[in-house]
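Right, one structure below, let's go through it.
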Amino acid sequence: MASSDHPPARPPAPPPTAAPVTRRSFLRGSAAFGAVAGLGAIGGGALLTGCSSRERSGPVTELNMHHDAAVGPLFAPYVEYFNAHYKPLKLGTSYVAQDYLTVTNQQLAGGNVSYDVLSADEGYLESWSKNRWITSLDDLPGIGGLLADMNPGVADSLRSPDGKLYALPYFQGAELFAVNTEHLQKIGAGPPATWEEFLEQARELKAKGVSAVPYSPYWIKYAFLAWHQFAAECASEGGGDLFGQDAAPNLKGNAVARATLERWRTLYSEGLVPKDLLTTDYGGITNIFGGGKSSFSLRYQAQIVGWRDPEQSRAAKSIKNVLIPGRTRQTHGFGAHWMLSYAIRSREHAATAMSYLGGPGRDGSYHVPKNLVAIALGLSSGYKSVDRDPAVLASWAKWADVDALTEQLAKAVPLGPVTNKKWYPKFGDMACATLQEVVLGKKSPDEGLTEMSDFVAEQK
């Protein structure tokens, strides 16, 4: 996960085995999440067979995890735990101070790699696998059981176009709808069930002076957030797959996509969202809702945790997660991954590190996915057994309406294999710029959707 500029948000207290954790890196957006996920040996067997390797100096018991420097404090206690419980193996860290993905791509291309396990966001799997910078995981003993434990749709995001498995989940996020219950009580309303009802409530909240800017969404270019918010609202209305299995776009002529953009334009033109919203940074938008200045927002689990923290949010007691409005109540799901570099020196040892970071580990406890990803950060681990664990659900109950959360996570719809395309990051940048132009009235919804579709067509 690349570093971010907005203020950190404090997660719930971590388990006794972990030191305090910062969520700074996890508060980026949907397409540019740092990724850490791994695989675990089912039954304790070695996990890798037949992965290529590259000579590096040092004993083969030394391993390196490659990630963004911003997650250093977050992972420190877990690195220490590994080194205390997995001797003689020793896990070191290879961190990038800024522009993690750009620097990592350059390192892989130049052969300057000294790490075994690396993180990756959506949009890099195809190019990295084609260039053989990462190794296939298809021959892992017990991989069938691990895949069976993944949440629906997760496994598809971990495969290259040729069907080979190249990654395992670090975390899974979903765009969640949040409301300020105190604001709604002032107009005698409950959470909106439809976008029509949402629009009516937003107008009433503004007219009665409850909130000058009732909605504070993340319609910003940063981390592709405008695109992901758009995908969430389209899913909520039954807009269908925005991309087919062959990555063909379902945007041009999509009635739900058009209606979503028309609603965005209405919200902006009527002053129901902040006028400077499109140029406000992540932290600024976060503080609008957390400060009680708006009544609705849309963001993923880790941000809800921050909003529910009274030390970070003035409106903490009034904020509640509810199902997103819409006909289907579905939302957009996304995630990030762990991968194995081509430079691994010991297949067995690299597998052990992967199993610990993202899978069951030697003891089958899912130590990192459960304690760090699910409990400390409030995110889905990508694994059913972890997300349904009573300890995880109890921790989620400290900041969320668990019933609404689990129901919404079950309704999270990923974009599918398109997120692995090498052009997907460029598309995310372009889509955000286009969506903003539509909001500003510089393009019509149909012109914007056509522009995005044409961009995809040019990439084939």
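The values are calculated or read from the model by the stated rules, or taken from the named source; none is laboratory data. From a predicted model like this one, the values you see are computed outputs, not experimental measurements. Neighbour counts are summed over all protein chains in view; Cβ atoms, including those assigned to glycine, are modelled from backbone coordinates with ideal geometry. With ligands, DNA and RNA removed, areas are computed over all heavy atoms of the protein, side chains included. Shrake-Rupley method; radii C 1.70, N 1.55, O 1.52, S 1.80 Å.
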Could you name the aspartates and glutamates in cross-link range of Lys206, using Cα to Cα under 12 Å and dropping any fewer than eight places away on the same chain? Glu270
Using +1 on the beta carbon of Lys and Arg, -1 on that of Asp and Glu, and nothing else charged, what's the dipole of the chain about the Cα centre, debye to 20? 600
Counting pairs of alpha carbon atoms under 8 Å apart in space and at least six apart in sequence, what relative contact order in percent does the chain give? 28
Rolling a 1.4 angstrom probe over the protein heavy atoms, how many square angstrom per residue are accessible across the chain? 36
With charges set only on the Cβ (+1 for Lys and Arg, -1 for Asp and Glu), what does the dipole of the stretch 180-230 come to about its Cα centre, in debye to the nearest 20? 220
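What ranking, highest mean first, results for peptides 333-341, 193-201, 431-439 when packing means the other Cβ atoms within 10 Å averaged over each residue? Can you show the working numbers first?
Working: 333-341: 27.4, 193-201: 17.0, 431-439: 21.9.
Put in order of decreasing packing, that is 333-341, 431-439, 193-201.
If the viscosity is 1.306 mPa s and the temperature 10 °C, what translational diffusion coefficient in µm²/s does Stokes-Einstein give for the stretch 334-435 when Rh comes from Kirkwood over Cα pairs?
On the way: Rh = 16.0 Å.
The diffusion coefficient I find is 99 µm²/s.
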DSSP bridge pairs, the chain: antiparallel proportion in percent, nearest 5: 65
Hits among aspartates and glutamates - C-alpha to C-alpha of Lys370 under 16 Å, sequence gap 8 or more where chains match: Asp149, Asp387, Asp389
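So what is the relative contact order of the stretch 139-232, in percent, for Cα pairs below 8 Å that sit 6 or more residues apart? Please list the in-between numbers first.
Numbers: 48 pairs, mean separation 13.6, N = 94.
So the answer I get is 14 percent.
Full-extension gain between Ser385 and Ile187, please, as 0.36 nm times their residue separation minus the C-alpha to C-alpha distance. It would help to have the intermediate numbers written out before the result.
Working: separation 198, 0.36 × 198 = 71.28 nm, distance 4.13 nm.
Between Ser385 and Ile187, full extension yields an extra 67.2 nm.
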Work out how much length Asp138 to Glu311 would gain on full extension: take 0.36 nm times their residue separation and subtract the Cα-Cα distance, in nm to one decimal. 57.7 nm
The stretch 303-369 versus the stretch 221-273: alpha-carbon centroid distance in Å: 25
I'd like the carbon and sulfur percentage of the solvent accessible area for the chain, probe radius 1.4 Å, heavy atoms only, ligands and nucleic acids excluded. 49
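Arrange the peptides 407-414, 381-388, 300-307 so that the one whose residues have, on average, the most other Cβ atoms within 10 Å appears first.
Details: 407-414: 19.5, 381-388: 21.4, 300-307: 25.2.
My ranking of the peptides, most packed first, is 300-307, 381-388, 407-414.
Order of 101-108, 269-276, 211-218 by packing, highest average Cβ count within 10 Å first?
Numbers: 101-108: 17.4, 269-276: 15.4, 211-218: 23.0.
Going from most to least packed, we get 211-218, 101-108, 269-276.
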Hey, rough spin-label estimate for Asp162 and Asp363, points 7 angstrom out along Cα→Cβ, what's it come to in nanometres? 4.0
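Of the cross-linked pairs Lys275/Lys422; Lys320/Lys384; Lys221/Lys320; Lys221/Lys421; Lys252/Lys293, which ones have a Cα-Cα span greater than 30 Å in the structure shown?
Beyond 30 Å: Lys275/Lys422; Lys252/Lys293.
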Tell me, what ³J(HN,Hα) does each residue in the stretch 155-170 have, in order and in whole Hz, if you take phi through Karplus 6.51 cos²θ - 1.76 cosθ + 1.60 with θ = phi - 60° and put x for Gly and Pro? 4, 4, 7, 9, 10, 7, x, 7, x, 6, 8, 10, 7, 9, x, 9
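For the chain, what ratio Rg/Rh do Cα atoms give with a Kirkwood hydrodynamic radius? Before the final figure, lay out the partial values.
Values: Rg = 21.5 Å, Rh = 22.2 Å.
When Rh is taken as the Kirkwood radius, the ratio is 0.97.
Computed FRET efficiency, Cβ-Cβ of Asp446 and Ala76, R0 60 Å: what is it to the nearest 0.05? It would help to have the intermediate numbers written out before the result.
On the way: r = 50 Å, r/R0 = 0.84.
It comes out at approximately 0.75.
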How large is the Rg to Rh ratio of the stretch 168-277 when both quantities use alpha carbon positions and Rh follows Kirkwood? 1.01
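Taking the Cα centre of the stretch 92-187 as origin and charging only Cβ (+1 Lys, Arg; -1 Asp, Glu), how large is the dipole, in debye to the nearest 20?
Working: 5 positive and 12 negative charges, 20 e Å.
Around 100 debye, computed over the stretch 92-187.
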